[in-house]
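Participant: I'd like to ask some things about the structure below.
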Amino acid sequence: MSEMSVSPVLQIENLQISLPAGADRPHALEGLSLTVNPGEVVCLVGESGSGKSLAAGAIMRLLPEPLVRKTGGTVIFEGRDLDELSEREMRALRGERMSMIFQEPMTALNPQKSVGWQIDEVLRLHTGLSGKERRARVIEMLGQVKIPDPASACNAYPHQVSGGQRQRVMIAMALILQPKLVIADEPTTALDVTTQLEILKLIRELQEREGTGILFITHDFGVVAEIADRVAVLREGLLVEEGPAREVLNAPRHPYTRALIAAVPSLRPPRPRDFSGAPVVLKAENIVKTYKARGSFFSGKRAGVRAVDDVSFDLRRSETLGIVGESGSGKTTVSRCVTRLLECDSGRASLDGRDILHLSAKALRAMRSEIQMVFQDPMASLNPRKRVVDLIAQGPIVHGADPAEARAKARELLALVELSPAAAERFPHEFSGGQRQRIGIARALAMEPKVIVADEPVSALDVSVQAQVLRLLADLRDRLDLSLLFVTHDLRVASQLCDRIVVMERGRVVEQGVTAEVFANPRHAYTRKLLSSIPGRDWTPPSFRDDAA
Amino acid sequence: MTLVDAADLPPEDSRLRVFWRRYRRNRAAVLGLILLGAVILMALVAGIYEPVDPLRRAGDPLARPFVDWATPLGTDQLGRDILAGILHGARISLMIGVVATSISITIGVAVGACAGYFGGWVDDVLMRVTEAFQTIPNFVLLLALVAILGSQIENIVLAIGIVSWTAPARLARAEFMSLRNREFVEAARNLGVGDASLIFREILPNALPPVVVYASVIMALAILLESALAFLGLGDPNYASWGNMIGQGRAVLRDSFYVALIPGLAIIFTVLSFSLLGEGLNEVLNPRQKKG
């Protein structure tokens, strides 16, 4: 927290950025005013398309001109108007006085150069240090971002270190010259929850030591609760609310902020429902799946990776079972094994008591109507060249339904997933992400399945849309008596929707039980670590009785 | 908020109109289309313009162009009308381009689709065969095939199709490999859709755009290959193809260069029209550049 007498590092006044003709609105940002003081973390929050990343581009003067350009306002950095600087002066500023951390460290790092070389480049461009001094400084910095064995990490290439380590390298690069301002554009969005917490802590720690001002761009209110001093909320290019983090998070004034915060799933699971009497619909026992590594001609066979190792679970009728874990935990592989999109190596799985892993080709196709999937990416999972009605009716038609009847039923299903019947004749690209996911759900429902396997169905969606889709799924589950196998990495989502959860780590189930009990009293160390890494876990989103969301 | 009204959706443009709007942006591509239109017009006019048979004697041998209006572009050493030859040659060239390209794309897509979709040993076998074809230079293989099959026009077209399917096969294979694991294919498989239906109904329409673009290149190559064959005297002598005309003009190149030059220009512009067309199609169909 800074005092009033300190002059701000960054002052944005009335910033306006225009979009090319034909975009959904004339200006990406309109009249944005914002200040960042030394030693302060200002979070710029907004949903996709709110213009938050373009704000960062405007500050760095790295907008994709001339299509998108600044048409008004001033950006003052350390008392200097950035518009008045030459391109050369601007280059000297970038990297040295202001720097940036990107979302995807794999693409932001050059795969052809070693990690040390890339950090060294910053020093080479901006300082007159000798090679030896630079190397010492690089190793020191890698130590500060807590990379184990900095000297050997220096010589590693980006693909040889993990995602979290790559983001540490990016942070080292951004902070090595002790800049006054760091712009972090969704720096933890691509990371697992446990890594995310470590990176957030690291950013906070280094920033406090150096007194850096940070403009932190994010869509995640959990992350905001974790790191922000002040919060600015953007909606379609307009600043709707700004204030100290505590106030905005706990007593938001603007209806949009309230709606956004209300859409953040609470971490308190609802009262558990009792399913002990319900019949088991889907039963998986000791499923094992190994991905064989394809050795090259000379190196011979390499050992495979056990993606799923001895996984068992039961799914009862109208119950929701969550499979949670970080990337690489094998949760998606499990979901593909029980839907037979992947063949597992050993184990048993049965649907209503019938074995589903050793079916004839014909019986397999018949079985598919009973267990349906909803996929993660609603754009990728809909064939872009088919009309919505054909997408939804395809399954029943393949299974021998009369095409005209199937299409009529598809139109009815659109109403069930709260889309207008007019949507039937459109192509997937004409819809927003949330609407596409509704189409995906309608397609699954058209088969009248007993079980729906949903693989991260809301992780590609904005938080407000996410809440709507989750509500729809829960509502349909209750109305149609469906059983839901819900794969997710998001413990907030799992806590609200799932009756029981299975926690997976590196292919193994480490814990399973009733959601409320697991959250209240996690037994396994890994579950405890996961739960304690949820961003903003100490913040309980306030509930608004009067809001419209 | 959740219920979508018809009014909320953007108005639907007809696909053809969107296509034309994007295509029109590239001036060179529009020029290509105009040139192609001219070639098609020439092919259509060929039946109306006298003499109907381009192989018949129409006047004195080696009459210069723009002298006698009975033979506006002059005559060759046998007194045949060059303009009639160009017009009829347009028919042959277009026919060869279209048929040979269809053959080559059909073989190529079938091989590439199977290799890319099934992978494993199917892929290994099909790709080794493709490589075997690729190691032999195109034209040498074409000469061999024509020597074996004989130089009737049908055989020439077939042979051109057979020597040029490898590139579309590799293209189709790459597309199928990247599309076969996409979620929409898995979604269809999850509905119980069979392999054949997955290949032809789900993946193929999405894999086709780059292949269509490449087809224009094959079209140009096919015309060039036929011309080259005819130039070497291996063309079908019963048809006035542009290549045949250049081949015959070669003998009188020193004093009557126009006999070879005029069909040469016709080939250049036709090939140019196809390659500009391909460039325009690429811009329209390439998803990375899809805007507006």
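The values are calculated or read from the model by the stated rules, or taken from the named source; none is laboratory data. Since the model is a prediction, treat every value here as computed from it, not as a measurement. Heads up, the Cβs are rebuilt from the backbone with ideal geometry, glycines too, and the neighbour counts pull from every protein chain shown.
Participant: With the structure loaded, tell me whether A:Ala460 is at pLDDT below 90, out of contact with any Lys or Arg (no Cβ under 8 Å at 6 or more places or on another chain) and over 18 Å from A:Val193 (Cβ atoms) or whether it fails that test.
Facilitator: no
Participant: Could you please let me know if B:Arg56 is within 14 Å of chain A (Cβ to nearest Cβ) and modelled with pLDDT of 65 or more?
Facilitator: no
Participant: Being surrounded by fewer than 24 Cβ atoms within 10 Å (Cβ to Cβ), within 11 Å of chain B (Cβ to nearest Cβ) and within 22 Å of A:Leu282 (Cα to Cα) is the filter here, so list the residues in the stretch A:428-455 that pass it.
Facilitator: If the condition is that a residue be surrounded by fewer than 24 Cβ atoms within 10 Å (Cβ to Cβ), within 11 Å of chain B (Cβ to nearest Cβ) and within 22 Å of A:Leu282 (Cα to Cα), then A:Met447, A:Pro449 are the ones that fit.
Participant: I've got another one for you. Based on what the data block shows, is A:Glu505 within 12 Å of chain B (Cβ to nearest Cβ), over 30 Å from A:Lys362 (Cβ atoms) and of a type in the set (D, E, K, R)?
Facilitator: Against the criterion (within 12 Å of chain B (Cβ to nearest Cβ), over 30 Å from A:Lys362 (Cβ atoms) and of a type in the set (D, E, K, R)), A:Glu505 does not qualify.
Participant: Mind checking which residues of the stretch A:357-395 are surrounded by fewer than 24 Cβ atoms within 10 Å (Cβ to Cβ), of a type in the set (A, V, I, L, M) and at the interface with another protein chain (Cβ under 7 Å from one of its Cβ atoms)?
Facilitator: A:Ala380 - this is the single residue of the stretch A:357-395 that is surrounded by fewer than 24 Cβ atoms within 10 Å (Cβ to Cβ), of a type in the set (A, V, I, L, M) and at the interface with another protein chain (Cβ under 7 Å from one of its Cβ atoms).
Participant: In addition: How many of the residues making up the stretch A:118-148 are within 30 Å of the chain's Cα centre (by Cα) and free of Cβ contacts under 8 Å to residues at least 40 places away in the same chain?
Facilitator: 5
Participant: Looking at B:Ala169, B:Ala174, can you tell me which residue is surrounded by fewer than 17 Cβ atoms within 10 Å (Cβ to Cβ) and either within 7 Å of chain A (Cβ to nearest Cβ) or assigned to a helix (DSSP H, G or I) (or both)?
Facilitator: Step by step, each of B:Ala169, B:Ala174 is checked, and only B:Ala174 is surrounded by fewer than 17 Cβ atoms within 10 Å (Cβ to Cβ) and either within 7 Å of chain A (Cβ to nearest Cβ) or assigned to a helix (DSSP H, G or I) (or both).
Participant: Now for a different question. Could you check B:Val193 against (1) buried (at least 20 other Cβ atoms within 10 Å of the Cβ); (2) touching a Gly at 6+ places or on another chain (Cβ under 7 Å); (3) not in a helix (DSSP H, G or I) and say which number it fails?
Facilitator: If we test B:Val193 against (1) buried (at least 20 other Cβ atoms within 10 Å of the Cβ); (2) touching a Gly at 6+ places or on another chain (Cβ under 7 Å); (3) not in a helix (DSSP H, G or I), just (2) comes out false.
Participant: Write out, first by first residue and then by second, each pair whose Cβ atoms fall under 9 Å of each other, whose residues are 6+ apart or on separate chains, and whose first residue, in the stretch B:60-74, is at positive phi while the second is loosely packed, with under 14 Cβ neighbours inside 10 Å and acidic (Asp, Glu).
Facilitator: Final answer for the pair search is B:Leu62/B:Asp255.
Participant: Considering (1) within 9 Å of chain B (Cβ to nearest Cβ); (2) of a type in the set (A, V, I, L, M); (3) touching a residue at least 12 places away in the same chain (Cβ under 8 Å), say which one A:Ala422 fails and leave the rest.
Facilitator: Of (1) within 9 Å of chain B (Cβ to nearest Cβ); (2) of a type in the set (A, V, I, L, M); (3) touching a residue at least 12 places away in the same chain (Cβ under 8 Å), only one is false for A:Ala422: (3).
Participant: Among the candidates B:Phe184, B:Phe118, single out the residue that is closer than 30 Å to A:Ala444 by Cα and in contact with a Leu (Cβ under 6 Å, 6 or more places away or on another chain).
Facilitator: When all the criteria are applied, what remains is B:Phe184.
Participant: For the stretch A:396-413: of the residues being at the interface with another protein chain (Cβ under 9 Å from one of its Cβ atoms) and modelled with pLDDT under 90, which is surrounded by the most Cβ atoms within 10 Å (Cβ to Cβ)?
Facilitator: So, considering only residues that are at the interface with another protein chain (Cβ under 9 Å from one of its Cβ atoms) and modelled with pLDDT under 90, the one surrounded by the most Cβ atoms within 10 Å (Cβ to Cβ) is A:Val398.
Participant: Inspect all residues belonging to the stretch A:64-73 and state whether any of them is closer than 29 Å to A:Glu208 by Cβ and not assigned by TED's automatic domain parsing to the domain that holds A:His126.
Facilitator: There is no residue in the stretch A:64-73 that is closer than 29 Å to A:Glu208 by Cβ and not assigned by TED's automatic domain parsing to the domain that holds A:His126.
Participant: Run down A:Arg479, A:Arg471 and say which single residue is away from chain B (no Cβ under 12 Å) and without any contact (Cβ under 8 Å) to a residue 12 or more places away in the chain.
Facilitator: A:Arg479
Participant: Filter the stretch A:211-262 for residues that are surrounded by fewer than 19 Cβ atoms within 10 Å (Cβ to Cβ) and among the small types (Gly, Ala, Ser); which is farthest from the chain's Cα centre (by Cα)?
Facilitator: Going through the qualifying residues, I end up with A:Gly211.
Participant: A follow-up question, please. So, restricting to helices (runs of 4 or more DSSP H) that lie completely within the stretch A:79-148, which ones have at least 3 residues that are surrounded by 15 or more Cβ atoms within 10 Å (Cβ to Cβ) and hydrophobic (A, V, I, L, M, F, W, C)?
Facilitator: Fully inside the stretch A:79-148 and qualifying: A:115-126, A:131-144.
Participant: Testing B:Val185 on (1) within 14 Å of another protein chain (Cβ to nearest Cβ); (2) touching a residue at least 60 places away in the same chain (Cβ under 8 Å), one condition comes back false. Which one is that?
Facilitator: B:Val185 satisfies every listed condition except (2).
Participant: Right, A:Ala108: small (Gly, Ala, Ser), modelled with pLDDT of 85 or more and closer than 30 Å to A:His27 by Cβ or not?
Facilitator: Considered against the rule, which asks whether it is small (Gly, Ala, Ser), modelled with pLDDT of 85 or more and closer than 30 Å to A:His27 by Cβ, A:Ala108 comes out as no.
Participant: Yes or no: the stretch B:212-226 includes at least one residue that is at the interface with chain A (Cβ under 10 Å from one of its Cβ atoms) and modelled with pLDDT of 85 or more.
Facilitator: No, that holds for no residue.
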